[in-house]
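The values are calculated or read from the model by the stated rules, or taken from the named source; none is laboratory data. Everything numeric in this text was worked out from a predicted model, so none of it was measured. As a convention, Cβ positions derive from the backbone with ideal geometry for all residues, glycine included, and neighbour counts pool all protein chains shown.
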Amino acid sequence: MSDIHTLSACELRTAYARKKLSPRDIAEAALQQIEKLEPRLNAFALRAAVEEVRASAAASERRWTEGAPLGPLDGIPITIKDAIRTKGWPTLAGSRTVDPNQPWTEDAPAVARARESGAIFLGKTTTPEFGWKAVTDSPKYGVTRNPWNLARTPGGSSGGSAAALAAGIGHAAIGTDAAGSVRIPAAFCGLVALKATTGRIPTYPPSALGRMGHIGPICRTVDDAAMMLQMMSRPDARDWSALPPTSEDFQAALPSLKGLRIAFSPTLGYAKVDPEVAQIVNATVRLLEDAGASIDQVEAPFPDPTEAALTMFIAGIAHSQRHLDEAALRTLDPGLRDVIARSSSVDRTVYMTALDGQIALTRNNRLFHQTYDILLTPTLAVAAFDVGRNAPEGYEGENWMSWTPFTYPFNMTGQPAATVPCGLTADRLPVGLQIVGDLYADARVLQVARIVEGLSPFQRAVPACLTSI
């Protein structure tokens, strides 16, 4: 099949069940795609041994032949971000300060669920050092590039995951999101990603940012994201703060948007949005109205939470690196060193004031959702910009939060938020629409995301690298 690399995980499962494709065919295609594209993308921190991939695929093929697949990911090649523990593989988080020569004896909960489901692990994908910024380059692995334009960043911090998937390497990815880190690269790379309600997907070890940190899927379709959430939300006793198991069907469809109360905020009252991005997002919102949705434009649904978010981010990142001595600190990404240095200004009063802001924001948004079921925003203020920068021209120098103003508020509140591609710029760079729901309304977010996906002119467009490299 000429488009074998762009099939979704759900489409692969159907093809396996009908014996139209086999896990071994798909695994070989993935290995070939890695060989072809990885030298240009630099999306992998670690590649699985070829024999290991082939053995996993052969075992999966036997199960499908016997009509007994292990689970929804059986025979599906996936990647895992190099910030998530994976048994037998080092987790270095893009840093030279982590010793790879130590026991790596356990899977994080989401990785364990994927392994139990029969997924084929292709390797671990790149991240900025300890996930500190929203583009993907690191002292350890260098620069990762966007398959839509190799001169542009894929975003971050799950940038390697999104770059690989958009380039047709694998059919799903597991990333992390503490301030937007699955949604940001998904939006830059034309993919779907979900940050579920806090605690919906068990997390271990805990994030440096505490309850702001999440594990989430990056996928080609909303159906895949729903399937991944169904699997990843299974309980794991290592996360004492995880939500209890639910019988909710995250894969259920919504017949129409009629009756839903939807708000649209183009800027959240404080964001500086690129005009072309704004135009594409606004056009998608009009499509939803044409489909029967009743949408109110809300300029400022809550006060600007940036200062509180930045305080909590700086404190969390610095605390996680408190064990490093001066020699180790000198090896860090200079921007990360600056974050750690700035943490000295975060005293008890500053931190507790930020915590008060987080509580107030969460209360505000719970009350907001008494009126509205869904909030729509752009996912990002810009389309993908040049590699080698932390922010594009016209934004605040090295401040990556200046162009990601729509993502981190919902890490603070714990609300579910998904991004769906909704169009392309004149330079053929993807733009995303963010769909946000009330706490625990993950299924509703996915239902609306599925409708957006069906209306969007994007329709799984193909990046340049699939045709030009």
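Residue pairs whose Cβ atoms lie under 7 Å apart, sitting 6 or more positions apart in sequence or on different chains, and linking a residue in the range 3-21 that is in contact (Cβ under 8 Å) with a residue 60 or more places away in the chain and on the phi < 0 side of the Ramachandran plot to a partner that is surrounded by fewer than 18 Cβ atoms within 10 Å (Cβ to Cβ) and not in a helix (DSSP H, G or I), are THR6/ARG460; THR6/VAL462.
Taking the options ALA83, ALA45, ALA93, name whichever one is within 24 Å of SER138 (Cα to Cα), in contact with a strand residue (DSSP E or B) (Cβ under 6 Å, 6 or more places away or on another chain), hydrophobic (A, V, I, L, M, F, W, C) and part of a loop (DSSP other than H, G, I, E, B). After ruling out the rest, the residue left standing is ALA83. Of all residues in the range 1-42, count the ones that are outside any helix (DSSP H, G or I) and either polar (S, T, N, Q) or modelled with pLDDT of 95 or more (or both). Residues flagged as outside any helix (DSSP H, G or I) and either polar (S, T, N, Q) or modelled with pLDDT of 95 or more (or both) within the range 1-42 amount to 9. Only a single item in (1) surrounded by 24 or more Cβ atoms within 10 Å (Cβ to Cβ); (2) within 23 Å of ALA119 (Cα to Cα); (3) of a type outside the set (Lys, Arg) is not met by ALA187, and it is number (2). Contact map, the range 256-281: residues that are on the phi < 0 side of the Ramachandran plot and among the polar types (S, T, N, Q) paired with residues that are modelled with pLDDT of 95 or more and assigned to a helix (DSSP H, G or I), Cβ distance under 9 Å, separation 6+ or inter-chain. Pairs shown: SER256/ILE451; THR267/ALA278. Residues of the range 443-469 that are under 22 Å from LEU243 (Cβ atoms) and among the β-branched types (Val, Ile, Thr): VAL445, VAL448. Please determine whether any residue of the range 421-442 is part of a helix (DSSP H, G or I), touching a helix residue (DSSP H, G or I) at 6+ places or on another chain (Cβ under 8 Å), acidic (Asp, Glu) and closer than 28 Å to SER247 by Cα. Checking the range 421-442: at least one residue is part of a helix (DSSP H, G or I), touching a helix residue (DSSP H, G or I) at 6+ places or on another chain (Cβ under 8 Å), acidic (Asp, Glu) and closer than 28 Å to SER247 by Cα.
Do we have ILE314 as modelled with pLDDT of 95 or more, out of contact with any Pro (no Cβ under 7 Å at 6 or more places or on another chain), of a type outside the set (Lys, Arg) and farther than 21 Å from GLY259 by Cα here? Yes, satisfied.
Among the residues of the range 234-280, just one is exposed (fewer than 12 other Cβ atoms within 10 Å of the Cβ) and assigned to a helix (DSSP H, G or I), namely PRO275. Filter the range 384-443 for residues that are among the charged types (D, E, K, R) and under 23 Å from GLU276 (Cβ atoms); which is modelled with the lowest pLDDT? That would be GLU396.
Note on the range 289-375: enclosed helices (runs of 4 or more DSSP H) holding 2 or more residues that are surrounded by fewer than 18 Cβ atoms within 10 Å (Cβ to Cβ), in contact (Cβ under 8 Å) with a residue 12 or more places away in the chain and of a type in the set (A, V, I, L, M, F, W, C) are 348-368.
Looking at ALA196 and the list (1) under 18 Å from THR91 (Cβ atoms); (2) of a type in the set (A, V, I, L, M, F, W, C); (3) in contact with a Pro (Cβ under 7 Å, 6 or more places away or on another chain), which single condition is not satisfied? Looking at each condition in turn, ALA196 falls short on (1). When ALA58, ALA114, ALA110 are screened for being surrounded by fewer than 23 Cβ atoms within 10 Å (Cβ to Cβ), outside any loop (DSSP other than H, G, I, E, B) and touching a helix residue (DSSP H, G or I) at 6+ places or on another chain (Cβ under 9 Å), only ALA58 passes. When we screen ARG113, ARG152 for residues that are of a type in the set (Lys, Arg) and more than 20 Å from GLY388 (Cα to Cα), the only hit is ARG113.
Table: residues versus (1) closer than 29 Å to SER138 by Cβ; (2) in contact with a helix residue (DSSP H, G or I) (Cβ under 9 Å, 6 or more places away or on another chain); (3) of a type outside the set (S, T, N, Q).
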position: HIS369; (1), (2), (3): no, no, yes
position: LEU375; (1), (2), (3): no, yes, yes
position: ALA383; (1), (2), (3): yes, yes, yes
position: ASN390; (1), (2), (3): yes, yes, no
position: SER402; (1), (2), (3): yes, yes, no
position: GLN415; (1), (2), (3): no, yes, no
position: ALA418; (1), (2), (3): yes, yes, yes
